[in-house]
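The values are calculated or read from the model by the stated rules, or taken from the named source; none is laboratory data. None of these values were measured; they are calculated from a predicted model. All Cβ positions, even for glycine, are placed from backbone atoms using ideal geometry, and neighbour counts span all protein chains on display. The accessibility values were calculated without ligands, DNA or RNA, using every heavy atom of the protein model including side chains. Shrake-Rupley method; radii C 1.70, N 1.55, O 1.52, S 1.80 Å.
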Amino acid sequence: MLLLVSSIHSKYTNADYDINVFMPDSEVPIDGFPVIYVLDGLSYYSFARDTIRLQYINSKKTGIIPAIIVGIGHKKNEMRQRRFIDFTGPAEQLIVPHHAKGKIPEEYGGAEQFLSFIENELKPLVEQKYSINKREQSLFGHSLGGYFALWCQFTHPSLFQNYIAISPSVWWNEKELLNMCTTYCMEKKHSNRHTFIGVGEKEGFMVDDAQEIVKILLSHQHSTEYYVAPEENHASVVPTVISRAFRFVLTKNQ
């Protein structure tokens, strides 16, 4: 069953978001359905929805169980600018690597406000309308969205149990995620949290960056799966690894 929630205006970000929701046409589990929140819904909601829809009917073979998908989409005409605002952490000073110079909008660093939108406006709406398992919630992001998923995990780990970061922009602000990850692990905030990180083989420095995060997580025995997709690049990696990522977060307790 496919349901569309009309555009939501957030008081925290002063922006509008299109929310798409997919609910499986199957018996509701005793504890409710797992739910996966998908960033960049305009680009990736359909992939996520169909990954669940086409595979949960044969869970024994696919490893995919019924789950609710919530796509969080920016308005198309402001998507590029809003991604830099919503998906990046606050910073007094931004250090931009050579490959990104001249490509960063003037506004950035609104992750706290965007996360407040998810936590205080979107989640309550989803929980009111659908039967979900509050102990099985995942956040999915690609590129800057992948940075945001990891930033959320390292700074507000209680909001989700599972974090999926595909080709995360670890390069943002002089790789600040590395220090955040180390602090997160040292403070032992990762109990009962699970991380999937995927990247395309042809993504150059982003492969090395992802490996740095994974190395820290694994050194602290954090529940982590890391996958490098052969022959894939930044644009092609999501449809290649999404089933693997969903299997990880949906079957880890089975």
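Would it be correct to say that SER6 is of a type in the set (Gly, Ala, Ser) and in contact with a helix residue (DSSP H, G or I) (Cβ under 8 Å, 6 or more places away or on another chain)? It is false that SER6 is of a type in the set (Gly, Ala, Ser) and in contact with a helix residue (DSSP H, G or I) (Cβ under 8 Å, 6 or more places away or on another chain).
Scanning segment 39-97 for residues that are touching a residue at least 40 places away in the same chain (Cβ under 8 Å), open to solvent by 20 Å² or more (accessible area, probe 1.4 Å) and acidic (Asp, Glu) yields a total of 1.
The condition of being at pLDDT 95 or above and among the hydroxyl-bearing types (Ser, Thr, Tyr) holds for only one of TYR56, TYR44, TYR130, TYR108, that being TYR44.
Checked against the criterion of being over 23 Å from TRP151 (Cβ atoms) and open to solvent by 70 Å² or more (accessible area, probe 1.4 Å), the candidates PRO230, PRO239 yield just one match: PRO230. For segment 168-192, residues that are open to solvent by 10 Å² or more (accessible area, probe 1.4 Å) and in a helix (DSSP H, G or I) total 10. Given the condition closer than 24 Å to ASP25 by Cα, under 17 Å from the mean Cα position of the chain (by Cα) and surrounded by 24 or more Cβ atoms within 10 Å (Cβ to Cβ), answer yes or no: does some residue in segment 110-132 qualify? The answer is no, given that none of the residues of segment 110-132 is closer than 24 Å to ASP25 by Cα, under 17 Å from the mean Cα position of the chain (by Cα) and surrounded by 24 or more Cβ atoms within 10 Å (Cβ to Cβ). Condition test on LYS76, is it basic (Lys, Arg) and closer than 24 Å to PRO157 by Cβ? Against the criterion (basic (Lys, Arg) and closer than 24 Å to PRO157 by Cβ), LYS76 does not qualify.
Figure legend. Inter-residue proximity from segment 141-153: first residues part of a helix (DSSP H, G or I), second residues open to solvent by 10 Å² or more (accessible area, probe 1.4 Å) and not aromatic (Phe, Trp, Tyr), beta-carbon distance below 6 Å, spacing 6+ or different chains. Indicated pairs: LEU144/ARG83. Among residues of segment 1-38 being aromatic (Phe, Trp, Tyr) and under 19 Å from the mean Cα position of the chain (by Cα), the one that is surrounded by the most Cβ atoms within 10 Å (Cβ to Cβ) is TYR37.
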